[in-house]
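Every read-out reported here was derived from the displayed coordinates using simple, explicitly stated rules and does not represent laboratory data. For clarity, every value in this text was computed on a predicted model and none was experimentally measured. We place every Cβ from the backbone using ideal geometry, glycine too, and count neighbours over all the protein chains shown.
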Amino acid sequence: MKYIYKLLKGVIIILIATTGINTHAGTLLTLSAPGQKYVLYPPTNLTIFIACAAWLNWDKPQDPGGATPAGLLGYRIYCNGVLIHYIPNPDTLEYWDYLVNNGTFTDSVTAYYDLTSYGYPGEFGESLAASANSVIDCGGILPFSEPWDQASFLYQMWSFLPNQGNWAISITQGNPIPSASFTGTPALTNYDNILYSISLDCFEWNCANIYLEFDSRLNMINSTSLEKLITETYHNNNWQPKDTLVNDIPTGWVHHKIDISEATGNTIRIGFRATGINSADISEWDIDNIYVYAVCFKPPDFNLSNTGNIVHLTWGIPCAGKKLKPDKVDSSTLTGYNIYRTGESGQPPFVKLNMAIVADNEYTDVLATTFDGVACYYVTAVYTDPFNPVYILCESQSDTLCVQYTSGIPEQNETDVRIFPNPVTDVLNIETDLPFTGIELLNFLGEKIYSGSFPETTNLAIPMKDNPSGNYLLKINFRNGMIIRKVLKK
């Protein structure tokens with residue numbers, strides 16, 4: 001459904017069918033009764049949805065009484081007046097044309113009839129066409145992958161500029177085979193031939209980095225450094241070089257990763273330019289495993305703090321101030337965040353903690369008092385597709401942070417810190433051997449109930465009478481550290 005939806009997103013035109021009558025339309029027939037005419041009803045309500053394929057959809061022909069006309073066999077599909085397909089089933093009312101290139105087209109559908117019912121046994125007729133005009137500027141979606149496993153430049157509509165030159169599909173070389181290859185033979189001089197992709201639609205990826213990865217190899221005849229393979233991107237009506245390989249030494253398969261984030265919020269084409277003085281100095285350039293993809297921005301400034309078994313996570317807003325075109329309806333939407341945590345080992349798998357998407361930039365997790373080990377966390381930013389808000393466009397991962405918690409809150413030696421009475425009813429007394437400078441009292445939701453800072457002291461009384469019954473955490477701040485104690489209010 002995702003890909004069908006993407007096609008519908010790229011609607012260019014919905015056209016109105018042309019209707020009419022014809023006598024043996026589109027065929028050369030010898031009439032049994034010269035001059036006799038009849039009506040061959042055409043399909044109706046032809047619509048075309050355009051993206052990187054054209055989906056034609058129409059209604060079955062009807063006679064004036066609303067019935068399917070006699071002798072209907074199927075349909076003929078035309079593109080710019082050229083027959084491209086015949087559908088031999090009157091109940092099939094759609095057709096996918098995958099071999100669509102960019103340009104302006106007229107697509108037509110005719111109904112094809114057996115004329116036996118009209119008094120012409122053994123003869124066939126064709127109705128007038130239902131036609132639609134379309135302007136196609138094809139945009140592929142990310143991620144875009146080309147492993148050449150279809151062994152064809154046509155399958156994903158690769159093109160050449162100014163012409164194909166020595167570009168070919170190699171069925172003997174690849175990582176694995178096949179691959180795209182620019183060969184040294186026949187010898188070309190002062191050549192410049194680009195193999196380039198369809199336009200890749202990056203409009204949704206405003207809060208992301210975009211990367212191109214591929215594998216290359218050079219089989220060489222002479223080391224001249226004059227024969228080149230230049231990786232380029234076509235953006236803002238210009239080819240921009242991103243990486244250049246030269247024929248100085250032969251190579252095995254080399255992996256490349258190139259940042260092409262200039263494409264964010266726009267469109268881009270990927271090109272491989274084979275250029276040089278004399279192609280006979282190379283055996284071949286090979287290109288394989290082309291992959292273009294986006295990595296959404298992660299939440300910045302991810303931080304973790306804990307008070308005993310209460311872990312508090314905070315993070316910043318990704319893409320703040322980065323949206324390139326905030327007025328565009330096809331920009332990705334930051335929906336919220338998901339929070340993931342390990343078990344006590346601190347190792348994967350990570351389990352999502354939140355049931356619903358988190359809208360805020362903070363989250364509090366309460367570890368079980370029986371938890372004994374290391375808890376590691378990461379936070380993802382969730383982006384949705386602007387045309388289909390229930391579809392998650394991407395989910396980025398943050399850095400990973402960990403906290404150690406061992407079987408509850410450790411108690412200090414009674415000779416160091418004395419807290420009494422505990423459980424407490426009215427007043428909680430604190431006495432220490434070493435002076436402390438501040439305290440915080442928190443409930444077990446992590447909410448601060450009381451806090452104070454003061455010159456160094458070794459004793460303090462805290463009123464507890466008005467606090468609800470339950471468990472509390474007491475943080476005592478010393479000059480060189482802090483301890484945490486559990487307090488029970490009756």
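In segment 417-489, the convex hull through the Cα atoms has an average projected area of 4.3 nm², a quarter of its surface area.
Once Rg and the Kirkwood radius are both taken over the C-alpha atoms of segment 303-406, their ratio Rg/Rh works out to 1.05.
The ellipsoid that matches the Cα gyration tensor of segment 144-299 has semi-axes, each √(5λ) in whole angstrom, of 27, 16, 15, with the longest given first.
Any idea what the alpha-carbon Rg over 2.2 N^0.38 Å comes to for segment 198-276? Provide the component values of the computation, followed by the final result.
On the way: Rg = 14.4 Å, N = 79, 2.2 N^0.38 = 11.6 Å.
Working it through for segment 198-276, the quotient is 1.25.
Working ranking of peptides 367-378, 242-253 by packing, defined as the average number of other Cβ atoms within 10 Å per residue, highest first, is 367-378, 242-253.
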